[in-house]
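Taking it in order: structure first as structure tokens, then the write-up.
The values are calculated or read from the model by the stated rules, or taken from the named source; none is laboratory data. Keep in mind the model is a prediction, meaning the values are calculated, not measured. Every residue, glycine among them, receives a Cβ derived from its backbone with ideal geometry; neighbour counts consider all protein chains shown. Keep in mind that these areas ignore ligands, DNA and RNA; they rest on the heavy atoms of the full protein, side chains included. Shrake-Rupley method; radii C 1.70, N 1.55, O 1.52, S 1.80 Å.
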Amino acid sequence: MVGFRRLIVVFSSIGLLIVLFSQCMDAEADKGYELVATDSTKAGMTTCIQCHGNIYDDYQNNPHQKTSSVIKGHDLLQANSAISNQFSFDDHLKIAVERRDSGAYQVAYVDNKEQLSRRFDVAFGSGKDAITFATWQGNRLNQLQLTYFSRLKTWANSPGYRDKQLYFSREIDVRCLECHASFAENKITKTESLVTSKELIRGSISYGIDCERCHGPAAKHAEFQLKHPEQKGAKYISLSKSFTRKQKTDACAVCHSGSDRKALRSTFVFKAGDDLDEFLGKDSQTAVDPDVHGQQMQSLAGSQCFIQSKTLDCNTCHTIHGNKNEGLAGYSDKCISCHQTVKHSDRTLSSGIVLKKNCIDCHMPKKSSKAISFKLSGNSKIAAYLLRTHKIAVY
Ligand code: HEC
Ligand code: HEC
Ligand code: HEC
Ligand code: HEC
Ligand code: HEC
Ligand code: HEC
Ligand code: HEC
């Protein structure tokens, strides 16, 4: 009970309304392909510890691993004691976050009369910026109406939801999970040619992104290496040393190029080293003007650094397995590794910014997402959702 009491910080709702969160919303569209089960050839993350202990340890705090998870009991309420407990749309309609016997619930009220309640079962997002929640209704995973915006420390209507309208039945489909989980299978019911229903097989879902989500099923690799400890080289796993730059960036772009590209095959079977063009169709027009949210690949690909260096890739700046936030100075060192001598004008040099420590704010400025924005109720202005652009340039 204690955790929950701490939660009751009365919160006067500012009526945040997220107009759209398109990358994640588009994911709803039926992509019309079937999944190939691959789970049986996986070894599981703990198998990797004995030989890749350092990488395993590093990876424990990486946001990828926590990007989807099961909510157990009242954990949610205990963990986020600073979370206010309700969101009011207006004087009549509100949704409260409440503790009930079987867990934490979102409960909708009209004029203080309960309309419906849904349990928090699954969380999407590690919580860096936001966490979206879902509840099981049979074998369907439905999104809960309130999303928690960590940076603003507030609940708000989930992205894409209409203001002042209760809606608890938006389905979270397998496409969401393709980017936010390691595995999930659909049960597809068909009459001759028509797909009549698609349900998730609940027990098939493997939450969070694990080693084999990126590297591919590695049971055979682990078994071989165990039997042949004298073998220093790896077998039955794609060797990154021979990756081309496209292979390297594809390993990230599979989830970091948005969801506009038509899915040809399930990306659950994509592994580092594969050619992404065999999984996702040609980029649509967004490639010309990519959004800062979710389309890091397209933005970076439009930068002179990427085009002219031929070597720059995501891993030049990001550590894949660790959780090291380089900080602006750390990231700037990466820039300097290629740009030892830069001719800045006197005007730039007198900007007051210590250039060496912060190339980022000028050349990868925060820009507002076209896909996500906020509306404050009682205020017609739309507030921006700022993310860093990956198009490195002179702004
Ligand atoms: C019995 C020891 C052993 C186990 C268990 C094991 N590996 Fe390996 N693995 C090796 C060895 C040895 C290499 C080659 C040396 C190196 O790159 O560390 C290797 C290399 C790799 C590589 C690098 C390939 C490259 O060069 O780019 C990946 C990726 C990899 N293992 C993934 C895994 C994953 C994922 C698991 C757990 C499911 C796992 N390994 C379990 C021994 C093992
Ligand atoms: C094509 C891959 C892809 C799909 C599909 C996708 N996401 Fe995401 N999602 C991402 C990436 C990448 C990020 C983080 C980077 C960013 O915001 O650009 C993210 C961020 C998020 C965040 C914020 C996480 C945080 O810690 O701040 C939430 C919440 C989220 N997604 C929920 C969803 C939900 C719910 C769906 C399905 C309706 C979905 N996503 C579908 C790739 C995807
Ligand atoms: C988000 C995707 C992703 C996840 C998750 C991931 N890896 Fe990797 N890993 C990569 C990529 C991409 C490379 C190749 C890097 C490069 O370009 O050289 C790599 C490289 C490696 C290597 C060889 C190079 C090195 O650093 O020694 C090993 C071994 C490895 N990973 C093991 C693991 C293990 C074990 C886990 C889980 C604890 C894991 N990886 C999780 C993407 C991932
Ligand atoms: C299976 C899908 C998937 C793959 C593959 C993937 N990512 Fe991500 N990535 C995500 C999602 C989902 C998030 C949002 C995590 C969260 O919930 O906070 C994310 C977040 C991030 C973040 C921001 C979080 C942080 O660490 O500060 C970075 C940076 C990132 N990814 C880099 C990469 C790089 C580099 C690669 C390739 C080696 C890669 N990702 C491969 C899905 C993926
Ligand atoms: C792998 C090497 C490499 C890295 C790392 C790198 N760049 Fe570049 N960058 C280049 C090359 C090559 C060019 C094109 C030739 C030139 O203008 O110097 C370039 C061009 C630029 C330009 C001119 C852009 C234009 O549109 O004319 C700017 C500004 C720039 N880089 C800033 C940065 C910043 C800031 C970082 C770090 C966030 C960075 N670069 C990281 C290689 C790199
Ligand atoms: C030249 C350096 C550089 C390269 C290359 C690079 N990033 Fe980043 N990335 C950054 C910086 C700087 C940030 C902002 C970090 C911060 O503010 O803490 C960032 C942030 C992110 C985030 C978090 C989103 C946000 O705005 O908070 C994601 C996701 C991400 N990068 C993915 C990628 C992917 C995928 C690639 C390859 C396609 C990539 N990055 C290549 C420098 C780079
Ligand atoms: C105060 C903003 C600011 C900061 C900080 C800054 N730059 Fe620049 N940069 C600019 C502007 C503006 C230009 C265009 C030329 C000019 O007016 O100085 C430029 C031009 C460049 C160019 C293209 C010119 C050339 O010589 O090729 C590169 C490369 C570059 N910057 C890299 C960097 C790197 C690396 C850092 C960090 C060590 C950095 N910049 C820090 C604003 C900035």
Quick test of your reading of the structure: residue 241 fulfils all but one of (1) closer than 23 Å to residue 276 by Cβ; (2) modelled with pLDDT of 95 or more. Name the failing condition by number.
(2)
Is it true that some residue in the range 271-291 is more than 15 Å from ligand 3 (Cβ to nearest atom), among the β-branched types (Val, Ile, Thr), open to solvent by less than 70 Å² (accessible area, probe 1.4 Å) and not in a helix (DSSP H, G or I)?
no
Members of the range 159-218 that are among the aromatic types (Phe, Trp, Tyr) and open to solvent by 30 Å² or more (accessible area, probe 1.4 Å):
167, 207
Going by what's in this entry, would residue 87 be described as modelled with pLDDT of 75 or more, out of contact with any Cys (no Cβ under 9 Å at 6 or more places or on another chain) and crowded, with 19+ Cβ neighbours inside 10 Å?
yes
Tell me, yes or no, whether the range 109-121 has at least one residue that is at positive phi and crowded, with 17+ Cβ neighbours inside 10 Å.
no
Across the range 304-337, what is the number of residues that are away from ligand 4 (no atom under 16 Å from the Cβ) and either open to solvent by 90 Å² or more (accessible area, probe 1.4 Å) or in contact with a Gly (Cβ under 8 Å, 6 or more places away or on another chain) (or both)?
4
List every residue pair whose Cβ atoms sit under 6 Å apart, with the two residues 6 or more apart in sequence or on different chains, where the first one lies in the range 309-335 and is farther than 16 Å from residue 65 by Cα and in a loop (DSSP other than H, G, I, E, B) and the second, anywhere, is within 16 Å of ligand 3 (Cβ to nearest atom) and open to solvent by 50 Å² or more (accessible area, probe 1.4 Å).
313/245; 313/248
Tally up the residues in the range 144-158 that are at pLDDT 85 or above and open to solvent by 10 Å² or more (accessible area, probe 1.4 Å), please.
1
Quick count over the range 236-251, residues being more than 16 Å from ligand 5 (Cβ to nearest atom), assigned to a helix (DSSP H, G or I) and surrounded by fewer than 21 Cβ atoms within 10 Å (Cβ to Cβ), is 4
Identify, by number, the condition in (1) outside any loop (DSSP other than H, G, I, E, B); (2) touching a Pro at 6+ places or on another chain (Cβ under 8 Å); (3) modelled with pLDDT of 75 or more that residue 25 doesn't meet.
(3)
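Check the range 282-299 and report whether any residue there is of a type in the set (Lys, Arg) and either at pLDDT 90 or above or in contact with a Pro (Cβ under 9 Å, 6 or more places away or on another chain) (or both).
Scanning the range 282-299, I find no residue that is of a type in the set (Lys, Arg) and either at pLDDT 90 or above or in contact with a Pro (Cβ under 9 Å, 6 or more places away or on another chain) (or both), so the answer is no.
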On the basis of being within 16 Å of ligand 6 (Cβ to nearest atom) and more than 30 Å from residue 89 (Cα to Cα), does residue 222 make the cut?
no
Selection over the range 141-150 where residues are part of a loop (DSSP other than H, G, I, E, B) and under 15 Å from the mean Cα position of the chain (by Cα) yields a count of 1
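May I ask you to list the residues in the range 336-351 that are among the charged types (D, E, K, R) and in a loop (DSSP other than H, G, I, E, B)? Spell out the reasoning first.
The initial filter retains those residues of the range 336-351 that are among the charged types (D, E, K, R), namely 343, 346-347.
Across the range 336-351, the qualifying residue is only 343.
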